[in-house]
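What follows is a single structure, written as structure tokens, with notes after it.
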Amino acid sequence: MLRSAVLAVSLLVGPAAAQTLALTGATVYDGTGGAPLAAATIVVEDGRIACVGPACSVPEAAEAVALGGRFVTPGLVAAHVHYAQTGWLDGRPDSQIGTDGVYDYDALQASLEADPDRWHRAYLCAGVTAVFDPGGLPWTLGVEAGTAGSTTRPHVRAAGPLITHYEPIFPILSAGGEGTFLPMSTDAEAVASVRQLAAMGARAVKVWYLDPPPSQRDALDARLLRIGEAAREEGLPLIVHATELENAKAALRAGAAMLVHSVEDAPVDDEFVRLAGAAGTVYAPTLRVGRNWRRAVASAALGVAVEIDDPNGCVDAETRRVIAGAPALRETLPDARRDARRAFASLVAAGHEEARMAANLARVHAAGIPVVLATDAGNPLTLHGPSVYAELEAMEAAGLAPADVLVAATRNGAAMMGRLGDFGTVEPGKLADLVVLAADPGASASAFRSITHVVRGGALHAVADLAAE
Ligand SMILES: [Zn+2]
């Protein structure tokens, strides 16, 4: 109990950042893609980096921390997370597996809105110092305000409600009289939805573009172009969920600044690469979220508790509790949803889908399209915080060099958020948002699992102090 009280206080006010901090002796990967700096010193003054490199001298007044044998990188940027989701099926009443009536979605949303520190702490603990939330209930737009200037919370930016043509979803993901979605059933309505997002303070215009029926494709593709124009008029980036090649191309033609998922149905082709290059599109692969969804559904269908991937104890007790409820959840499901053959077939399909996504990521990266670290955390079994590790490893397994994975997870994410002037690289003038690792991230993306410390705005945190109870 004592530790919980101390942590709660520290999350509210934060440890004061030392006026001057000097990290000495580490090998620094600065996030620019250049060669690592051996035996480097990083001097931090008033939360920002004043000097980095082997030649920096340690100011006399500095609090010096010796990091010989350790590795330092910029803090990780997770470019696709959802604060209105939990990492379990309770946050997705649209899952259609028969959990209707099991969870109280209104109460869940009220609790998530009241306690964004639940996810803030998990992210900082995992080494993530900035997140982008591309879609959720309107309250998610208010999370950013509590993070500005903080040394204990990641930077947060959010897109708020999503525009979609798939109207059956509207009542399912509503809570407290508010909705997660805005309509686009006519051109005028689509433009009005963009204007509404701008008025709400959304940081992007997100379109949830599900595979349209053939009879509606031309009209909807044209409407997506109109939404892109309206977003540009509002000075907001267009970001699109479009996971099939043809729909992703429609998004690129509309000027999408980010595709929030991989193309998963077919190999990307020359036209896709050309359109993405012309639009300056960023590619967010989310390689593991599909497998994790299916694992969650299978665990409920089979009544088997699942192991969570949380090497440093960052996942909070409530999240662990609700996930551990899978065996009890099985008892509430209709018989058709407890079918083992169906569950295994779904997991096999996830493997095929992952192979297509990995090949597409390799092609996109080789073509010079910027890639970011994106987990889609908050979806079932893609956990806020530590889900970044498996995603980084999946990017490496797809063929990206560890050094390229590092740049995707830091500089590219900061650029996507429009914040590269403030963070994303270890350079003088930037905020001191850093992670300290025991293993070498230039050798393997798995090194991020060996995190020992996080620096946010110049305040040094031991990961052990950020861990959950
Ligand atoms: Zn998402």
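Here P93 qualifies as crowded, with 17+ Cβ neighbours inside 10 Å and modelled with pLDDT under 95. Of all the numbered requirements in (1) hydrophobic (A, V, I, L, M, F, W, C); (2) part of a helix (DSSP H, G or I); (3) away from the ligand (no atom under 16 Å from the Cβ); (4) within 18 Å of the chain's Cα centre (by Cα), W119 misses one, and that requirement is (3). If only residues of the range 133-182 that are acidic (D, E) and assigned to a helix (DSSP H, G or I) are counted, the one that is surrounded by the fewest Cβ atoms within 10 Å (Cβ to Cβ) is E167.
Please tell me if A55 is in a strand (DSSP E or B), without any contact (Cβ under 8 Å) to a residue 40 or more places away in the chain and surrounded by fewer than 16 Cβ atoms within 10 Å (Cβ to Cβ). Answer is no for this residue. The number of residues in the range 262-291 being in contact with a Pro (Cβ under 7 Å, 6 or more places away or on another chain) and closer than 18 Å to A350 by Cα comes to 1. A single member of G458, G418, G399 is more than 19 Å from the chain's Cα centre (by Cα), at positive phi and either surrounded by fewer than 22 Cβ atoms within 10 Å (Cβ to Cβ) or of a type in the set (A, V, I, L, M) (or both), and it is G399. Scanning the range 358-384 for residues that are within 18 Å of W293 (Cβ to Cβ) and more than 15 Å from the ligand (Cβ to nearest atom) gives a single hit, A358. Screening R337, R288 for residues that are surrounded by 14 or more Cβ atoms within 10 Å (Cβ to Cβ), within 29 Å of A79 (Cβ to Cβ) and basic (K, R) leaves exactly one candidate, R288. Considering the conditions (1) among the polar types (S, T, N, Q); (2) more than 16 Å from the ligand (Cβ to nearest atom); (3) out of contact with any helix residue (DSSP H, G or I) (no Cβ under 7 Å at 6 or more places or on another chain), T281 is excluded by exactly one of them, (3). Filter the range 253-267 for residues that are over 19 Å from the mean Cα position of the chain (by Cα) and either basic (K, R) or buried (at least 23 other Cβ atoms within 10 Å of the Cβ) (or both); which is nearest to the ligand (Cβ to nearest atom)? Applying the filter and picking the extreme gives A254. Look at (1) more than 22 Å from M416 (Cβ to Cβ); (2) surrounded by fewer than 14 Cβ atoms within 10 Å (Cβ to Cβ) and you find that G235 fails only one, number (1).
Only a single criterion out of (1) touching a helix residue (DSSP H, G or I) at 6+ places or on another chain (Cβ under 7 Å); (2) within 16 Å of the ligand (Cβ to nearest atom) is not satisfied by R92, namely (1). Among residues of the range 240-256 that are assigned to a helix (DSSP H, G or I), those with a Cβ under 6 angstrom from a residue that is hydroxyl-bearing (S, T, Y) and within 15 Å of the ligand (Cβ to nearest atom), sequence gap 6+ or separate chain, pair up as N247/Y209. Close Cβ contacts (under 9 Å, 6 or more residues apart or on different chains) running from residues in the range 60-71 that are farther than 10 Å from L437 by Cα to residues that are outside any strand (DSSP E or B) and among the β-branched types (V, I, T) comprise A64/V58.
Taking the conditions (1) within 14 Å of the chain's Cα centre (by Cα); (2) over 30 Å from L437 (Cβ atoms) in turn, V156 satisfies each one other than (2). Just to be sure, is A110 surrounded by fewer than 20 Cβ atoms within 10 Å (Cβ to Cβ), part of a strand (DSSP E or B) and away from the ligand (no atom under 16 Å from the Cβ)? Considered against the rule, which asks whether it is surrounded by fewer than 20 Cβ atoms within 10 Å (Cβ to Cβ), part of a strand (DSSP E or B) and away from the ligand (no atom under 16 Å from the Cβ), A110 comes out as no.
To keep it simple, each residue is scored yes or no on (1) farther than 22 Å from A279 by Cβ; (2) not assigned by TED's automatic domain parsing to the domain that holds E391; (3) not in a helix (DSSP H, G or I).
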residue: L406; (1), (2), (3): yes, no, no
residue: D440; (1), (2), (3): yes, yes, yes
residue: A443; (1), (2), (3): yes, yes, yes
residue: R449; (1), (2), (3): yes, yes, no
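Exactly one residue out of Y105, Y123 is within 19 Å of G457 (Cα to Cα) and either surrounded by fewer than 17 Cβ atoms within 10 Å (Cβ to Cβ) or not β-branched (V, I, T) (or both): that is Y123. Can you tell me which residue is nearest to E353 (Cα to Cα) among those in the range 230-239 that are in contact with a strand residue (DSSP E or B) (Cβ under 9 Å, 6 or more places away or on another chain) and assigned to a helix (DSSP H, G or I)? By that ranking, first place goes to A231.
The values are calculated or read from the model by the stated rules, or taken from the named source; none is laboratory data. Predicted model, so just to flag it, every value in this text is computed and none were measured. Methodologically, a virtual Cβ is constructed for each residue, glycine included, from the backbone with ideal geometry; neighbour enumeration extends over all protein chains shown.
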